[in-house]
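These notes concern the structure reproduced below.
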Amino acid sequence: MKDSTLALHYGYEKDKEKTMQVPIYMSSAYEYQDTDHAARLFNLQEEGNIYTRIGNPTTRVFEKRIAALENGIDALATASGMSAIFYSIANLVKNGDNVIISNKLYGGSITLSTQTLKQFGIKAKYFDIKNPEMLEELIDENTKAILFESIANPALNVADFEIISEIANKRGIITICDNTIATPYSLKPINLGIDIVVHSASKYLSGNGTVIGGCIIESKSAKEKLKGDRYPQFNKPDDSYHGLIYNEKFDNPFIARSRLALLRDYGAVISPFNSWLLILGLETLHLRIERHSYNALEIAKFLSSHKKVKKVSYPFLNNDENYNLAKKYLKYGSGILSFELSSYEEAKNFVKKLKIFKLVTNIADTKSIVTHPASTTHQQLNKEELKNAGISEGLIRLSVGIEDVEDLIKDLDEALNS
């Protein structure tokens with residue numbers, strides 16, 4: 001089936017009521033047939049519902065659907081995009097290990113690596129997304145993961161998947177790609193050799209700013225890497241499950257351990273209602289991405305010709321430094337673009353004059369959004385980290401919605417000229 005059909009039908013087996021829409025199973029717990037049935041479920045001898053902290057029927061439909069769209073073998077929904085990223089890393093590391101992270105990332109992901117992971121004894125190393133060949137010299141015996149974004153937020157750099165996956169596969173390192181901005185309609189990282197995909201599902205997967213959620217998708221290829229000596233937690237008995245070995249028990253060991261150990265213990269569980277909203281969002285994702293991308297390209301062209309704009313970053317602009325990589329890997333450019341004004345004061349005045357674009361720290365809404373990253377999403381970064389992330393005081397990020405593009409261009413033009 002094509003993606004647009006999968007997004008509407010995959011993973012839902014109708015119950016006796018035969019509802020066309022997936023039901024919302026708002027229940028924290030589920031009745032067992034008898035004590036033997038309960039024991040089999042808890043001992044992982046039989047699939048079924050135990051407690052919504054581990055799994056839920058509504059959420060399971062979303063997980064199956066996003067896994068199918070990303071060409072993965074399974075998925076886990078989480079309470080937020082940040083919990084999805086944290087679980088993906090925590091599933092692989094122990095005290096003394098390190099992860100290699102792109103220097104062009106969402107601010108929250110950078111703070112996770114510099115602050116929280118550090119508290120757990122996990123070191124973060126950084127590679128230049130424009131020079132992925134440097135991964136070769138950064139990898140050592142304690143490296144457990146390489147994390148990057150398919151399209152960087154807000155710098156809009158496009159990752160060179162071919163180089164990253166080749167180096168990681170040669171060294172047996174798990175790759176984690178945040179595909180939030182590109183979405184599976186533009187790019188499927190798993191098809192390009194990536195092991196694990198994560199999303200902030202709050203963004204394009206939802207599409208209308210109503211949901212906080214995240215997800216992790218596992219590729220078929222991940223299991224072979226997890227058999228290596230780098231990842232003993234997947235190949236040695238888990239005492240909490242009476243000696244279960246994830247790589248022996250499951251075809252999806254990464255998701256299985258994320259669910260049965262991390263979700264169990266850390267508990268960043270998505271609400272069934274939020275999962276249901278994400279199911280609705282997936283149904284129109286392909287239509288929205290086309291419109292977002294069309295509008296963003298038209299706006300990028302307009303801004304490129306404006307005398308007050310120093311620089312515009314959008315992958316499908318002919319003169320953009322990422323144009324060749326975008327043409328190689330992407331179907332759509334997304335609705336995210338950034339541009340630079342001469343100073344913070346000019347950026348502040350520009351934002352104040354906008355009427356349709358709203359000042360919000362979010363992206364991928366159907367409604368258009370403007371953000372000043374240096375004072376909001378990346379405020380916790382120091383000057384060097386901001387520079388490495390490609391963020392100046394005059395940088396503006398636009399999340400272009402699906403309004404009429406002529407209205408959006410008029411709004412931007414009036415704000416720039418006022």
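The values are calculated or read from the model by the stated rules, or taken from the named source; none is laboratory data. Quick caveat, the model's predicted, so the values are computed rather than measured. Neighbour counts are summed over all protein chains in view; Cβ atoms, including those assigned to glycine, are modelled from backbone coordinates with ideal geometry.
Taken together, Ile336, Ile299 contain a single residue that is out of contact with any Asp or Glu (no Cβ under 7 Å at 6 or more places or on another chain) and under 30 Å from Tyr10 (Cβ atoms), which is Ile336. None of Thr361, Thr371 is surrounded by fewer than 15 Cβ atoms within 10 Å (Cβ to Cβ), touching a Ser or Thr at 6+ places or on another chain (Cβ under 7 Å) and not assigned by TED's automatic domain parsing to the domain that holds Asn191 except Thr361. If only residues of the stretch 8-37 that are aliphatic (A, V, I, L, M) and at pLDDT 95 or above are counted, the one that is surrounded by the fewest Cβ atoms within 10 Å (Cβ to Cβ) is Ala29. Using the structure shown, decide if Val61 is assigned by TED's automatic domain parsing to the domain that holds Leu260, in contact with a Leu (Cβ under 9 Å, 6 or more places away or on another chain) and either more than 26 Å from Val158 (Cα to Cα) or touching a residue at least 60 places away in the same chain (Cβ under 8 Å) (or both). Taking the combined requirement at face value, the residue does not satisfy it. Report whether or not Tyr314 is under 20 Å from Tyr204 (Cβ atoms), out of contact with any strand residue (DSSP E or B) (no Cβ under 9 Å at 6 or more places or on another chain), surrounded by 18 or more Cβ atoms within 10 Å (Cβ to Cβ) and not aliphatic (A, V, I, L, M). No.
When the stretch 275-311 is limited to residues that are among the basic types (Lys, Arg) and over 24 Å from the mean Cα position of the chain (by Cα), the one that is surrounded by the fewest Cβ atoms within 10 Å (Cβ to Cβ) turns out to be Lys307.
Within the stretch 76-113, being more than 16 Å from Ile212 (Cβ to Cβ) and of a type in the set (Val, Ile, Thr) holds for Ile89, Val93, Val99, Ile100, Ile101, Ile110, Thr111. Counting only strands (runs of 3 or more DSSP E) wholly contained in the stretch 165-242, the ones carrying 3 or more residues that are farther than 20 Å from Ile279 by Cα and not assigned by TED's automatic domain parsing to the domain that holds Asn362 occupy 174-178.
The C-beta contact set for the stretch 216-230 (first residue within 24 Å of Ile270 (Cα to Cα), second residue polar (S, T, N, Q) and part of a loop (DSSP other than H, G, I, E, B), distance under 9 angstrom, 6+ apart or interchain) comprises Ile216/Asn91; Ile217/Asn71; Ile217/Asn179; Glu218/Asn252; Ser219/Asn71.
Regarding the stretch 324-336, can at least one residue be identified that is touching a Lys or Arg at 6+ places or on another chain (Cβ under 7 Å) and closer than 30 Å to Leu92 by Cα? Looking for residues that are touching a Lys or Arg at 6+ places or on another chain (Cβ under 7 Å) and closer than 30 Å to Leu92 by Cα, one finds none in the stretch 324-336, hence no.
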